[in-house]
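The values are calculated or read from the model by the stated rules, or taken from the named source; none is laboratory data. The structure presented is a predicted model; accordingly, all values stated were derived computationally and were not measured. Quick reminder, even Gly has a Cβ in these numbers, built from the backbone with ideal geometry, and neighbours come from all protein chains shown. What goes into the accessible areas is simple: the full protein's heavy atoms, side chains included, and nothing from ligands, DNA or RNA. Shrake-Rupley method; radii C 1.70, N 1.55, O 1.52, S 1.80 Å.
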Amino acid sequence: AKEIGRNNLQLFDVEMALKAHEKLRRHEELRDAIARGEFVLHYQPQMNLKTQRIFAAESLLRWQHPQRGMVLPGEFIPLAEETGLIVPIGDWVLNEACRQNKAWQDAGLPSIVVSVNVSARQFKERNWVSRVAEALEVSGLEARYLELEVTESLIMQDVVTAVATMHELEALGVHLAIDDFGTGYSSLSALKSFPVRRLKIDRSFVQDIPDDADDMAITGAIISLAQKLQMQVIAEGVETQAQVDFLAASGCDDIQGYFISRPVGAAAFVALLAG
Ligand code: C2E
Ligand code: CA
Ligand code: CA
Ligand code: CA
């Protein structure tokens, strides 16, 4: 029994070493991906329910890996967060989204807002607001065409500092949205003090409409809350006509989801915007 125990221990050590090595390799790959130009942004349109027009898009990061093909953020953002690489990667995303949006405007396409997802690590960087100002300056994009998406949990980590930072961003003219709204723990009284333009209703509340009465009640409540706080409200993950009908009847402003389009590359997005 002693013998087996020792063998198991050795096998465990080998496995641990292999895992650590694999993680180090992934870290190096991710670190080099920016310099190698392997990141690309996809864009998912957002449509206003009244005008039926695309007025904005969310930028979503993809990694074109030389061997693994198109890698989705769920597979590398956690490691990027853990290692801090999310800061330079996030800077790349911010600059690329501003550059692309300005290029679309210069090409004569209808002006839209492009939103960028911001991680807590990025948001907490000392010079975060000046990095945003610099991305706008370098690209020549007007601030009102940039929206930053933050989560409730990011804000709640340190409400006082987060609200101060949000006010500085607002002073630049940038818009703020709360992403995945309803899944975090922001108190309603705190919400009132956030300088945010819109709430994004999390997909988990939208996906089971019209079959789940609780989800419909929650979605309806978030929409009226947004209206009372004079915020815009958008539903994420909208896939069906029945969901669109319920959201329109409930007074939701905007929708985003496969019902309109999946996230697509810049060239395909231009076709959506022009068409
Ligand atoms: P998110 O910000 O909540 O983005 C929405 C996700 O839902 C996207 O997944 C999008 O492709 C997906 N989605 C949109 N419409 C539908 C729909 O109708 N049905 C379903 N089933 N899914 C839909 P994606 O692109 O895999 O991104 C996952 C998450 O990764 C994002 O969630 C966001 O938290 C993070 N992420 C993406 N890009 C960035 C980035 O540039 N920076 C940071 N920090 N995080 C990012
Ligand atoms: Ca988002
Ligand atoms: Ca979201
Ligand atoms: Ca549900």
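Of the strands (runs of 3 or more DSSP E) lying entirely inside region 118-229, the ones with 2 or more residues being touching a strand residue (DSSP E or B) at 6+ places or on another chain (Cβ under 9 Å) and open to solvent by 10 Å² or more (accessible area, probe 1.4 Å) are found at 175-181.
Name the one entry in A266, A226, A248 that is touching a residue at least 40 places away in the same chain (Cβ under 8 Å) and farther than 24 Å from W63 by Cβ. Full working, then the answer.
Numbers: A266 fails: farther than 24 Å from W63 by Cβ; A226 fails: touching a residue at least 40 places away in the same chain (Cβ under 8 Å).
Every option except A248 fails the conditions.
Of the residues making up region 174-195, those that are of a type in the set (V, I, T) and away from ligand 3 (no atom under 14 Å from the Cβ) number 1. For region 237-247, the candidate set comprises residues that are under 28 Å from S189 (Cα atoms) and surrounded by fewer than 22 Cβ atoms within 10 Å (Cβ to Cβ); within that set, the residue that is nearest to ligand 2 (Cβ to nearest atom) is G237.
Number of residues in region 238-250 that are out of contact with any strand residue (DSSP E or B) (no Cβ under 6 Å at 6 or more places or on another chain) and more than 14 Å from Q52 (Cα to Cα): the value is 7.
Residues satisfying the criterion are present in region 114-127 (criterion: more than 22 Å from V159 (Cα to Cα) and of a type in the set (A, V, I, L, M)). Looking at the structure I just gave you, is Q232 open to solvent by 40 Å² or more (accessible area, probe 1.4 Å), more than 30 Å from A107 (Cα to Cα) and not small (G, A, S)? No. For beta carbons closer than 6 Å, sequence separation of 6+ or different chains, a first residue in region 149-163 that is on the phi < 0 side of the Ramachandran plot and a second that is modelled with pLDDT of 95 or more and open to solvent by 40 Å² or more (accessible area, probe 1.4 Å), the qualifying pairs are E149/N117.
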